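Step one of this worksheet: look at the structure below.
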Amino acid sequence: MKLYPLFADLSRRAVLVVGGGAVAERKVAALLGAQAQVTVNAPTLTPQLQRWAAAGRIAHRPDAFREAWLERVWLVVAATSDAELNRLIATFAELRRIFVNVVDDAALSSFHVPAVVDRAPLTIAISSGGEAPMLARLLRERLETLLDHSLGALATLAARLRRRIRLRHPQPAARRGFYEALFAGPVAALLRQGRPDEAWRAAEQALAAPSPARAGSVVLVGAGPGDPGLLTLRALRALNEADVILHDRLVSPEVLELARRDAERIEVGKQAGHHHTTQDGIHALLLRHARAGKRVVRLKGGDPFVFGRGGEELEFLRAHDIPYEVVPGITAAVACAAHAGVPLTHRDHAQSVRFVTAHCQSSHDSLDWAALAQERQTLAVYMGVAGLGELQARLIGHGRAPSTPFALVENGSRPEQRVVTGTLANLAERAVVHGVRSPALLILGEVASLATSLAWFGAPPLGAAVRDIRPARAAAPVATDVLAAVHRA
């Protein structure tokens, strides 16, 4: 279920809660915190609900539920132990186009109550769409420990200065830079130390200070193989700081989704024989946007320094005095091999690994085939789908055994990953039979024989018996990895 995240202003708006038990009490407490006008419909109430009713904080209707009570109501919460009554309430609410939450029944609910981290006026809501509420609560607990309580005061201070900040910095880029300094500098530190008056004076001084001319820069970022979970924290930070993102064709939509929403995205993708943007054109775009004072992210699939022409781009930037930095990514060979269960090196099979690109005739002609044909080494061949027949013939012709195992990994690390296995003798044939398409990476060598026994991610390798595949144990580690990433952040 894909939910649209929404924060509702319920102040002085009528909300009906049907049910008077402990669950209803929790819902009412949250609604009162939002200053909603709450009516509770239940024959009996918990002691706390009784106290709120006696104090006039909620209205109480003790008789049986009536559809007429939905008049002029903005939200309904069904929190009874009667499943049929909950279903009836949901039906009436749907007919009246009123949002309803049926506790512990995601299918009947048109809105879900998230787990909340409260740093008012800053609020962080976490929802699993009703599918895994305990995971949402666990994440909330972790975030509670990571997010300082001074963030609420910082948000309030920023709100008080917002109009003046917009007047002082009318350009979005300059305004964003001011906010970043405000949130990460001495003002935030003073609020953490419980010194709000000094924090206000520091903010006033920062607002009055002259604005230095902003220099543009470029960050060369490796996007990894496609799984957004494999991005480094530094890469994620760069994506959230970017004004402009120049990205390759192979950068996955899931990775781009993590970037700042208002960043300009420009695809400069390349594909063998079909260059969407020339390298000179990419250089010109980098220069133009950096000289305009923008923070540019050059986002490349895999690692920018492994067949990514990152060196050429840095040489260009250096020649034009553009500041730059590099954020490495997980290169395709490492990621595809790992997700196919193939170790690139192994004490019993391979003591070295070679990264090779073989996407055109000129690259075939420049390779040292005699060296590549040696045994007890692993070849990781990039961009080689179109030239597999040529590669197969040359390796066998230079002495590589036709029985050498291979694993061809398509869309490595992504949900649609496929692994095709076989031997060098039938490499090109099996790629055609299974319709292997780019992006795909070839792993050739004795280690590729382990693709069957060590497979753990995605579908079993094509060419391997299903019974040979050890069952993946991904469900539990996913939650652990997410929480670990949150903790490290």
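The values are calculated or read from the model by the stated rules, or taken from the named source; none is laboratory data. Worth saying up front: this structure is predicted, and the values here are computed from it rather than measured. A quick note on method: Cβ atoms are made from the backbone with ideal geometry, for glycine too, and the neighbour counts reach across all protein chains shown.
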ask   = Is at least one residue of the stretch 327-337 in contact with a Ser or Thr (Cβ under 6 Å, 6 or more places away or on another chain) and either among the β-branched types (Val, Ile, Thr) or buried (at least 19 other Cβ atoms within 10 Å of the Cβ) (or both)?
value = yes
query = How many residues does the stretch 10-29 contain that are farther than 20 Å from SER81 by Cα and of a type in the set (A, V, I, L, M)?
reply = 2
query = Filter the stretch 87-131 for residues that are more than 30 Å from ALA155 (Cα to Cα) and among the hydroxyl-bearing types (Ser, Thr, Tyr); which is modelled with the highest pLDDT?
reply = THR91
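Condition check ((1) at pLDDT 95 or above; (2) assigned to a loop (DSSP other than H, G, I, E, B); (3) in contact with a Pro (Cβ under 9 Å, 6 or more places away or on another chain)) across all residues:
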position: MET1; (1), (2), (3): no, yes, no
position: GLY56; (1), (2), (3): yes, yes, no
position: ALA64; (1), (2), (3): no, yes, yes
position: VAL76; (1), (2), (3): yes, no, no
inquiry  = For the stretch 106-129: of the residues being touching a Ser or Thr at 6+ places or on another chain (Cβ under 7 Å) and closer than 22 Å to ALA79 by Cβ, which is surrounded by the most Cβ atoms within 10 Å (Cβ to Cβ)?
reply    = PRO114
request  = Need at least 2 residues that are in contact with a Cys (Cβ under 8 Å, 6 or more places away or on another chain) per element, so show me which strands (runs of 3 or more DSSP E) inside the stretch 275-359 make the cut, counting only ones lying wholly within it.
outcome  = none
query = Out of all the residues in the stretch 136-160, which are under 21 Å from the mean Cα position of the chain (by Cα) and not charged (D, E, K, R)?
reply = ALA136, LEU138, LEU139, LEU143, LEU146, LEU147
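Only one of these is at pLDDT 95 or above and surrounded by fewer than 19 Cβ atoms within 10 Å (Cβ to Cβ): GLY422, GLY399, GLY389, GLY445. Name it.
GLY399
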ask   = Mind checking which residues of the stretch 251-262 are hydrophobic (A, V, I, L, M, F, W, C) and either in contact with a His (Cβ under 7 Å, 6 or more places away or on another chain) or buried (at least 19 other Cβ atoms within 10 Å of the Cβ) (or both)?
value = VAL251, VAL255, LEU256, ALA259
request  = Search the stretch 12-32 for residues being within 18 Å of PHE111 (Cα to Cα) and of a type in the set (Gly, Ala, Ser), and hand back the single one that is surrounded by the most Cβ atoms within 10 Å (Cβ to Cβ).
outcome  = GLY19
ask   = Which residues, counting only those in the stretch 225-243, are in contact with a strand residue (DSSP E or B) (Cβ under 9 Å, 6 or more places away or on another chain) and within 21 Å of LEU286 (Cα to Cα)?
value = ARG234, ALA235, ARG237, ALA238, LEU239, GLU241, ALA242, ASP243
